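Inspection log for the structure reproduced underneath, given as structure tokens.
The values are calculated or read from the model by the stated rules, or taken from the named source; none is laboratory data. All values reported here derive from a predicted model rather than from experimental measurement. Quick reminder, even Gly has a Cβ in these numbers, built from the backbone with ideal geometry, and neighbours come from all protein chains shown. When the accessible area is computed, the model is the full protein with side chains, heavy atoms only, and any ligands, DNA or RNA have been set aside. Shrake-Rupley method; radii C 1.70, N 1.55, O 1.52, S 1.80 Å.
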Amino acid sequence: RLLFRLNCPNEKDEGRAVNKRSPYPVRLQYASQHDAVGTRGILGWKFRLRPTHISIAMNKSLDSIRESYDRIAAEYARRLFHELDYKPFDRQLLDRFVAQVAGRGDVCDMGCGPGHVARYLHDAGIPVFGLDLSTEMVDQAQRLSPDIAFRIGNMLALDLANESLAGIAAFYAIVNLPQSDIPLAFREMRRVLEPGGVLLLAFHVGDETVKPRELWGLPVSLEFRYLRTSLIGEHLMSAGLSIEGVYERAPYAPEIEHQSQRAYVFARRLPD
């Protein structure tokens, strides 16, 4: 399995390796065998499959996230619902995800926002539903895609049955969580994935935490965490998920997205 760094789409190819499935030049950053990173360290582990409590501090953090996204939901949907139209590499990875989950069962677009990832998966023939912490985001998603089911939910305490999903797409779903909560989110994802179920995760790469006071002229109280792929990999494997591929790309143009390095991780729940 290979980890690729995707160069900015506007860069010229200066002798870098080219991924035959992508029109853009990519630089090989890391390679490892599936069984070297996926199975070591998890056999025989025991997992706490459902959280026993949500702390007061966690509740306050989630309340802040919910309230901020409720406030910006309409503008967020207006600006970002069609963003995949301008992101060919994201679509390529979603197509790969579709190929892996097709015919296996339900898929969740977790942290769905206005539901543009769910829309893409649905149009590809995947039985998908969206889940988000924000009531207003769920309302926007339902308005934009009335033929897809959306529900309010908390990824730290998912109201989903064990082993009920063939796949999870979680694009930037973890970036507002305190880092201490990310392992719990991954344990919950593993719990609801069926054996062999696939996770496609996307996040911003780095070490910093960005705390904007407003987005699109609307006040928010959010922290956006940039995360290292190595740390996320450790958390995923500790949760009982095998890493199958990690990719990074430079940002698209400023009019398309925020200027940050992006990472995408394919992970799979191994049979018990």
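Filter the stretch 150-196 for residues that are touching a Pro at 6+ places or on another chain (Cβ under 9 Å), under 23 Å from Thr209 (Cα atoms) and open to solvent by 10 Å² or more (accessible area, probe 1.4 Å) and give the result. Reasoning before the result, please.
Going through the stretch 150-196, the residues touching a Pro at 6+ places or on another chain (Cβ under 9 Å) turn out to be 156-157, 163, 166, 184, 187-188, 195-196.
Subsequent filtering for residues that are under 23 Å from Thr209 (Cα atoms) retains 156, 184.
Answer for the stretch 150-196, where residues must be touching a Pro at 6+ places or on another chain (Cβ under 9 Å), under 23 Å from Thr209 (Cα atoms) and open to solvent by 10 Å² or more (accessible area, probe 1.4 Å): just Leu184.
Is there a residue in the stretch 165-175 that is in contact (Cβ under 8 Å) with a residue 12 or more places away in the chain, of a type outside the set (A, V, I, L, M) and out of contact with any Lys or Arg (no Cβ under 8 Å at 6 or more places or on another chain)? Don't jump to the end; show me each part of the working.
Keep residues of the stretch 165-175 that are in contact (Cβ under 8 Å) with a residue 12 or more places away in the chain, which gives 165-175.
Then drop every residue that is not of a type outside the set (A, V, I, L, M), which leaves 167, 171-172.
Applying the additional criterion that residues be out of contact with any Lys or Arg (no Cβ under 8 Å at 6 or more places or on another chain) yields 171-172.
Checking the stretch 165-175: at least one residue is in contact (Cβ under 8 Å) with a residue 12 or more places away in the chain, of a type outside the set (A, V, I, L, M) and out of contact with any Lys or Arg (no Cβ under 8 Å at 6 or more places or on another chain).
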Condition set open to solvent by 50 Å² or more (accessible area, probe 1.4 Å) and aliphatic (A, V, I, L, M), scope the stretch 94-123, selection farthest from Ser164 (Cα to Cα): answer is Ala99
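This table checks each residue for (1) within 20 Å of Arg143 (Cα to Cα); (2) open to solvent by 60 Å² or more (accessible area, probe 1.4 Å); (3) among the hydrophobic types (A, V, I, L, M, F, W, C); (4) assigned to a loop (DSSP other than H, G, I, E, B).
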position	(1), (2), (3), (4)
Ile65	no, no, yes, no
Glu75	yes, no, no, no
Arg78	yes, yes, no, no
Gln92	no, no, no, no
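Quick one: in the stretch 227-243, of everything that is of a type in the set (Val, Ile, Thr) and assigned to a helix (DSSP H, G or I), which residue is farthest from Gln179 (Cα to Cα)? Spell out how you get there, then give the answer.
Taking the stretch 227-243 and keeping what is of a type in the set (Val, Ile, Thr), we get 229, 232, 243.
Narrowing the set further to residues that are assigned to a helix (DSSP H, G or I) leaves 229, 232.
Values: Thr229: 13, Ile232: 10 Å.
Looking at residues that are of a type in the set (Val, Ile, Thr) and assigned to a helix (DSSP H, G or I), I get Thr229.
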Return yes or no: is Leu201 within 26 Å of Tyr86 (Cα to Cα) and within 13 Å of the chain's Cα centre (by Cα)?
yes
Anything in the stretch 137-149 that is assigned to a loop (DSSP other than H, G, I, E, B) and open to solvent by 10 Å² or more (accessible area, probe 1.4 Å)? List them, or say none.
Pro146, Asp147
Going through the stretch 118-133 one residue at a time, which ones are under 11 Å from Phe150 (Cβ atoms) and outside any helix (DSSP H, G or I)?
Val128, Phe129, Gly130, Leu131, Asp132
Those residues of the stretch 237-268 that are within 14 Å of the chain's Cα centre (by Cα), surrounded by 22 or more Cβ atoms within 10 Å (Cβ to Cβ) and over 18 Å from Phe186 (Cβ atoms) come to a total of 2
